[in-house]
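Take a look at the structure below.
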Amino acid sequence: MFEVIPEKYRPLMQRLFISKISDALDSLGMRLVSSSIYVNPVGKEVFLRFHLRVIQTSLAGSIDVEPTVKGLIEKLVMEANESLGRVYGVTFIIEDVSIEQELPKDHESLQDQPKLVLDVPLELEGPFRRIGKGLVISLREWGIAAASIVLGVDPSGLNRVSLVVKLREPMGREEKASLVKALREKLAGYIKLLIKKPMQTSVKIIDPSDKVVAKVMKKTKLMEKEVENIIGNEDVRAIMKALGKL
């Protein structure tokens, strides 16, 4: 549940804070369960009180939740003052931030968690690890069982990101296309939030059925090569010509 009091400020708070807080927490391995924002305008100053309920997932065990979330809100309020606040001569002020932290009811075992693999420059490892954790959470919430997630950055230009997700179960073509689209949108949002520069993205989904297809294709290519070798033999060609096959 996401509430804004008074309700008339909801569209503004949604744009400035709620969506951004939710996306940022996802990337840090946390999930925003509910939030209440109390808005109290006094002249040109707008006082804000935040109450957030956050679930810390098993992937975020090393994160100190309260200072992390408070730091995030302070950053968003500062950005709001520098953008919208400056245009309209309004100052947003944090009056209070309270955080209610929960643990997930059903922890995934370490064996069930997707393996996160990063192939990125050292200076980008931190942000991309957070992006990977956010994608893991999204896949779990969508009910998608992933075996591994690989994030890579093209070393030649550092402006292209590739995401490869290996699934545990086969998935239909249409479902794959839909998942690719959803993951591309998530990835683009995380890059904008954490990398803060435009990057091209590519997303690929692999499931167990792709291995079967790959084996069949490999066998077909071997057969084609064998046929080419046979036809390339002059004696064989002579026989085939005699038979009127070539």
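Can residue 240 be described as modelled with pLDDT under 60 and either surrounded by 14 or more Cβ atoms within 10 Å (Cβ to Cβ) or assigned to a helix (DSSP H, G or I) (or both)? Give the steps one after another, and end with the answer.
Numbers: modelled with pLDDT under 60: yes; either surrounded by 14 or more Cβ atoms within 10 Å (Cβ to Cβ) or assigned to a helix (DSSP H, G or I) (or both): yes.
Here the answer is yes, as residue 240 does meet what is asked.
Taking region 1-25 only, how many residues are farther than 23 Å from residue 64 by Cα, without any contact (Cβ under 8 Å) to a residue 60 or more places away in the chain and buried (at least 19 other Cβ atoms within 10 Å of the Cβ)?
2
The values are calculated or read from the model by the stated rules, or taken from the named source; none is laboratory data. These numbers come from a predicted model, not from an experiment. Don't worry about glycine lacking a Cβ; one is built from the backbone with ideal geometry, like all the others, and counts go over all protein chains shown.
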